[in-house]
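Everything on this sheet refers to the single structure shown next.
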Amino acid sequence: MKTTAHENTPVRLKGMGKGLCVTLNPLEPIEYLKEEMSRLFKDLRHLTPNAGIVIDIGKQDGYDDVIQELSEFLKENFGIASVSRMSGKRSESETLMLSGRMRSGQKIKAKKHLILLGDLNPGAEVFAGGDILIIGSCRGIVAAGQPDNKDAIVLALDFRPTQIQIGTLMAAGVPSSPNQKQPEIAYVDNGVIVVENYVEANLFGRLTSLEIR
């Protein structure tokens with residue numbers, strides 16, 4: 001599946017500092033937007049109580065009535081503490097960290113890095129502008145370094161994705177090493193996605209000094 005399909009979805013969820021950001025198209029029918037929000041938030045209820053949500057409608061002006069109605073909807077149905085509208089320059093250091101299991105049909109996008117403390121089940125999809133770290137089983141679709149960052153990596157404790165993409169490179173059913181009990185890392189080397197035992201590869205141990213990713 002190409003990431004462009006994900007980009008065209010009417011409602012998207014991503015990390016923003018210590019809160020969550022909901023990107024949506026205000027031209028869509030309000031009831032449809034509520035349905036899409038419910039689909040995204042229903043399995044993240046443990047994150048939403050007292051959480052702060054920012055609604056991003058892009059560069060479009062107006063639509064205060066839409067944001068107000070969606071704000072009330074989120075507060076009433078998911079216990080959101082505060083809902084505000086995106087304003088000013090967006091941060092490029094946004095990282096999304098989630099805990100739990102992602103089920104088939106769920107799609108999550110992070111502005112930069114994405115960390116999942118749990119399993120990515122078959123049929124679930126994660127997209128990130130930077131690295132993807134799955135502290136659990138990876139058996140769904142992962143797309144790191146979107147749209148064109150080939151320096152991104154994908155790390156999982158149990159690496160069995162149905163499809164993996166790093167930057168513009170894509171591979172389906174990438175085989176993992178025989179020892180499934182070891183964490184594995186996928187990265188791009190000479191234009192090819194390579195999967196190796198994380199400890200043995202020791203990619204970052206080779207660095208002579210600390211670097212910001």
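Sorted by packing (mean other beta-carbon atoms within 10 Å per residue), highest first, where do 195-206, 97-108 land? Walk me through the numbers on the way to the answer.
Numbers: 195-206: 13.3, 97-108: 16.7.
Result, highest mean Cβ count within 10 Å first: 97-108, 195-206.
Could the peptides 76-84, 61-69 be put in order, highest first, of the mean number of other beta-carbon atoms found within 10 Å of their residues? Display every interim value, and only then the final one.
Working: 76-84: 14.7, 61-69: 12.2.
The most tightly packed comes first, giving 76-84, 61-69.
At a Förster distance of 30 Å, what's the computed FRET efficiency of Glu211 paired with Ala171, Cβ-Cβ distance as r, to 0.05?
Working: r = 26 Å, r/R0 = 0.87.
That pair, Glu211 with Ala171, gives E of 0.70.
Measure off 7 Å from each Cα along the Cα-to-Cβ vector at Leu203 and Gln182, then give the distance between these two points in nanometres to one decimal.
Distance between the two pseudo-spin positions: 1.6 nm.
Among Cys138, Cys21, rank each residue by its count of other Cβ atoms within 10 Å, from fewest to most, as a rough exposure measure. Walk me through the numbers before you get to the answer.
Values: Cys138 31, Cys21 21.
Placing the least packed residue first, the sequence is Cys21, Cys138.
Under the classification rounded if a/c is under 1.5, otherwise prolate if a/b is larger than b/c and oblate if not, where does the range 95-206 fall, given a ≥ b ≥ c as square roots of the Cα gyration tensor eigenvalues? The partial results should precede the final answer.
Numbers: a/c = 1.40, a/b = 1.15, b/c = 1.22.
Verdict is rounded for the range 95-206.
For a quick protection proxy, order the peptides 143-149, 31-37, 167-173 by their average other-Cβ count within 10 Å, most packed first.
Numbers: 143-149: 20.0, 31-37: 15.9, 167-173: 13.3.
Going by the mean number of other Cβ atoms within 10 Å, highest first, we get 143-149, 31-37, 167-173.
Given axes a ≥ b ≥ c from the Cα gyration tensor, I'd like to know whether the range 18-85 is rounded (a/c under 1.5), prolate (a/b larger than b/c) or oblate. Could the numbers behind the result be given before it?
Values: a/c = 1.81, a/b = 1.44, b/c = 1.26.
Prolate, since a/c reaches 1.5 and a/b exceeds b/c.
At 0.36 nm per residue, and after removing the present C-alpha to C-alpha distance, how many nm does the segment from Asp43 to Ser87 gain when stretched out fully? List each step's numbers first, then the result.
Numbers: separation 44, 0.36 × 44 = 15.84 nm, distance 2.76 nm.
Separation in residues times 0.36 nm, less the Cα-Cα distance, equals 13.1 nm.
What FRET efficiency, computed as 1/(1 + (r/R0)^6) with R0 = 22 Å and r the Cβ-Cβ distance, is obtained for Gln163 and Ser104, rounded to the nearest 0.05?
Numbers: r = 14 Å, r/R0 = 0.62.
Computed FRET efficiency for Gln163 and Ser104: 0.95.
Bear in mind that the values in this text are calculations on the coordinates, not laboratory data. Quick caveat: nothing in here was measured; it's all calculated off a predicted structure. Every residue, glycine as well, gets a Cβ built from its backbone with ideal geometry; the counts of neighbours run over all protein chains shown.
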